[in-house]
Every structure is written in structure tokens, then in C-alpha cells.
1. Be a star and scan segment 226-242 for residues whose amide nitrogen sits under 14 Å from the point 7 Å along the Cα-to-Cβ vector of Asp78.
2. What does the charge add up to near Gly418, with Lys and Arg as +1, Asp and Glu as -1, over the other residues with Cβ less than 11 Å from its Cβ?
3. Counting pairs of Cα atoms in segment 332-401, how many percent are more than 16 Å apart?
4. Going by how many other Cβ atoms sit within 10 Å of their own, how do Met158, Met381 line up, fewest first?
5. FRET efficiency for Asp176 and Thr64, Cβ-Cβ distance as r, R0 = 56 Å, nearest 0.05?
6. Under a no-solvent Debye model with one identical scatterer per Cα of segment 52-107, what's log10 I(q)/I(0) at q = 0.28 Å⁻¹?
7. All other residues with a Cβ under 11 Å from the Cβ of Glu39 taken together, and with Lys, Arg as +1 and Asp, Glu as -1, what is their net charge?
8. Once label points are set 7 Å from the Cα along Cα→Cβ at both Asn311 and Ala126, what is their separation, rounded to one decimal in nm?
Amino acid sequence: MRKALSILLIVATALSFAACQVTPEAPIVVEKDTERMIERARNGENNALLAELGIPEGRYTFDTTGANGKLRIHIDADILKPDAAAMPIVKVSMGLFSQRQVTSIFNYLFPDEKPKYDFGQVETKADVEQEILWQKKRYEQGEYDGTEEEFLNLIARMEEAYQAAPVSAPEGGLSDGTLTRFESDPGGTARILNVSSDAYFLWISTHTGIEGINGAQLPNLTFRSKDSGRGYSTRNMIRTDGTNLSGIMKENLVLSYGEAKALCDGFFAAAGFPDGAFIAGDSFVIDDTGADEQPGTNYAYRFIYTRAFENIPLFFDRTGLLFNQDEAFELPWGYEYIEFVIDDEGIVSIDWRTPIEIGNVVESAAALKPYAEIMNIFETMMKTSYEGVVLTTFGGKAELDISVERVELCLVRIREQGGAQADGLLVPAWVFSGRNKGTDQNGAVRYLQGASALAGFDPAENAMGEGGGYVSAFDLAPGVREDDTVILLVINAVDGSVIDLNKGY
């Protein structure tokens, strides 16, 4: 019987206003050119030290309206800057999970009894031979895909795989953490670890070389508890640093915040990363409140980690929904996302999507635009962009309330023009996040899901299209809450251009 493995790749659109925004006056509009940006960062007249940018302590406040009063923007935001003297520009590429890392992670998550390979994990000579016979039968019947040359090359790779395949599966089917090839990709560079014990399952997808990465096999890691009693939701999620826990949380959380965080830090240490390579970008307490809204009785911690470079955090999306893709690049490259859920029994789940590899420093102290100039650009572009959404995308039939609550200077990965598909740059950027609420003429309410650009609206049908970037207040998508923070705007701190997270530049 022919077996096949598939990966569900969820692509969520990100912030993209080009189709609906009114062109602001120069000099707000900046032509995007990475070579010119790097030259500006090296030789610009702006300041290179963070202390010289005029970044205030405390909060940033601002209010404005637009679209004939249908757009209301309120800003009362924390201003966050890294504990660093200057901001660098750094080469970066899509990362791979090495066999050494996978083995270490495997042993950390399964320290005692080892799990078994799931089906399709170990291909014996008999398995490969059966696949070859099936493919040859398709060839004889003229049912193969692609050209005859491509098909014969596939058969040749499968015959090479046959020579390397073991005669039989490992004794007992127990795994030692060794990555094996995708059964559906004989001769390719994709590798997989798909194992499960009585209590957990672990899935790791990776590659042996950057050149072989494709959009259907992006590197990722998923770890889950099989215990249905350890199911948690974000319905009653609260942000915490361990100091604001309620009495019932303290009673039900056996592990302290520090003990739970130590399990996450231990995961990275086991994988061979040095201290400080990853930091907790956000942390919450969640419970097991279900769709019936009955009060939860079990509690857990939710940590969202981000990679750091010399103590400077990298951009991450707290919803995990962001994904960047552009027609100029065949390979979609999601922003790295790492999430842990920890309860009293330990790690409930881990999601690590599209890891990156940090490369050479292009500029150690990039010249940045002063804080006041960035805020002027932000105030202009927020109103211009979202006014275009209300007047054009919504056809003036809906009102939009936006609340900006967090302003952060960090490093954001962008595509490098002229570079390889899996190469990019970490650049200093200001990230503005908060909440929004759209209300149509009938009073229906929608909340923006992730940083999805308000896509999918059809003014011919209604004010806010179903299946677009919005989710109903009464039918929230899994993991999306009406008060979730979303990314509203990202501005390159070097040249003041708006970074389109959907395209990655």
C-alpha cells in the first residue's frame, strides 16, 4: 500500500496596504532599496547611538481621526527599546535543525522511555521497492506527472534510496531521534522525525541543505501532550511576569513562573544554544475554559520566545499567524515563532516554526532616524493607510477604531533584494502594535486576526467580508480573542520606509 506524508502549511496574510492607501506626500514615501539603506546606515547623517535618538522614557500618546470621523486612532503606548548602545544590521538565512540538535531535543523531551516511530517513518528496502513498482506501473500506463525525463530521474533517485534503506525496521520500532527522509520525497533533502509515546508525540521537519527547502516542507517542530485533560485555551489569557497572579491561579499553579520558564530555557540549552540566544518575549497564564465558557479549573503558563542578537530582541508576532510571501520569491518565509505551554506536569506543547540562522554583521552601529522623525512618519502613515481602508476597502460603510498600546524598537527580518530566497537582513525597525475593532452599519463587529491587512473585503456584498482578515466577535477563530494585540505598522528605523510584513521588505 502506497503511503504518503503531507504537511499542512497555513499561510496567513500580513500587513499590506498598497491596494487601498492614499499616497502620502514626500518625504514620507521612501523607495525601498536594501543597498541604498545599508549605505545610509553606514554613512548617514543620522545618529548611530540609541542615547542620541531622543527616545523618551515613559509613554507615547496621540489621538487623531479620519475618513469623515469613521476612523478613530487612539495611542497610549509603552515605549520599549533594547538594552544596547546601538542597533546593527545583520545577515540572516532560513535555519535548519541539525541532527545533533534534533537528538538533543529528542533526549530532553523523552529522557526516559523512548517513543516509537510513527507510520511511514522508517522505510525498509521492501517499502522502497513497493513504491518503485507502483511508480513504474504508473509510467507504463502513462499516468506520471511532469516530463518523461523528470520521471526517470525520480525513479533513479528512488533506486538509490533502495540501496541505502535498511532491510528491516529498528527492533521494536523505538526511535533514537534519528531523522529519516520523507517517504514522499525520495532522493530529496527533506528529513523528518515523527515519533510518539503513550503520553506525547513529536514532529520535526527539516532539511540537509538550504537549496532543497520548499514551501511545502518548511523547517518546524511540534510537540504535544496526548492527554485531553491538558487542553488549554487563550479565552481567559492574562499577560504575566509571575507577579500579578490571582489567588486561584496561585492555588492551582504548582510550578512557579521561574520554574516553568526554566523548562523552556532548559530546552534551548539542551539544543546547544548559549545563554541569551533566546528570550521570553511575552508570557501569559491560560486556563482550560472551553467553548461552553464554563470557568476553567486547570491553569498553565504560555511563553512566547524570540531570538536575540547581542541582547537585542528580534521581531515576533504574538499570534503566530504572520507569514511573508511575495511574487518575486517562490519560497514563503514565515517569521520565526516559538511557543511553550507549561503546566504542573511539565511541558504540554511546543511550536517552533521556521527557525533562522544568524550570519555576519553588515553594520554594527547603524545610523537611525531620530525618534521624533519616526513618530511623524508613523502618525502620517497610520492615518493615511487606515483611512484608505475605511474609504476604499470598506467603501465608507464601516467604522474602524484602533488603539496602539506598544511601540518597540527591535530587529526585523526583511528580504534582501538580489539575494537568495532563503537569505535576508535583520534591520532596526519600530513595531507598533495594539488592537482594532471594525463595526459595520448594522452593528456587526469584527476583530483583525493577526496582522492580516484587512484582506478579503468585497464592498459589493457587505461592509466586512466573511473569510477575510476579520473574525466575528461571536465566532472567534481558535486562538484569536477580541482583545488580542496585532501588528498595526512597522517602520524601518534607518530610512523611514514602511515594512510590508506580507512581502517581507
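1. Once the point is set 7 Å along Cα→Cβ of Asp78, 238-242 turn out to lie under 14 Å by backbone N, inside segment 226-242.
2. So the environment of Gly418 carries a net charge of -3.
3. For segment 332-401, the fraction of Cα-Cα distances above 16 Å is 75 percent.
4. Fewest-to-most Cβ neighbours within 10 Å comes out as Met158, Met381.
5. After rounding, the FRET efficiency stands at 0.40.
6. Values returned for q = 0.28 Å⁻¹ are -1.11.
7. Computed value for this residue: -1.
8. 6.0 nm
Rule-based calculations on the coordinates, nothing more; no lab input. None of the values given here were measured: they were computed from a predicted structure. Positions of Cβ are backbone-derived with ideal geometry, glycine not excepted, and every protein chain shown enters the neighbour counts.
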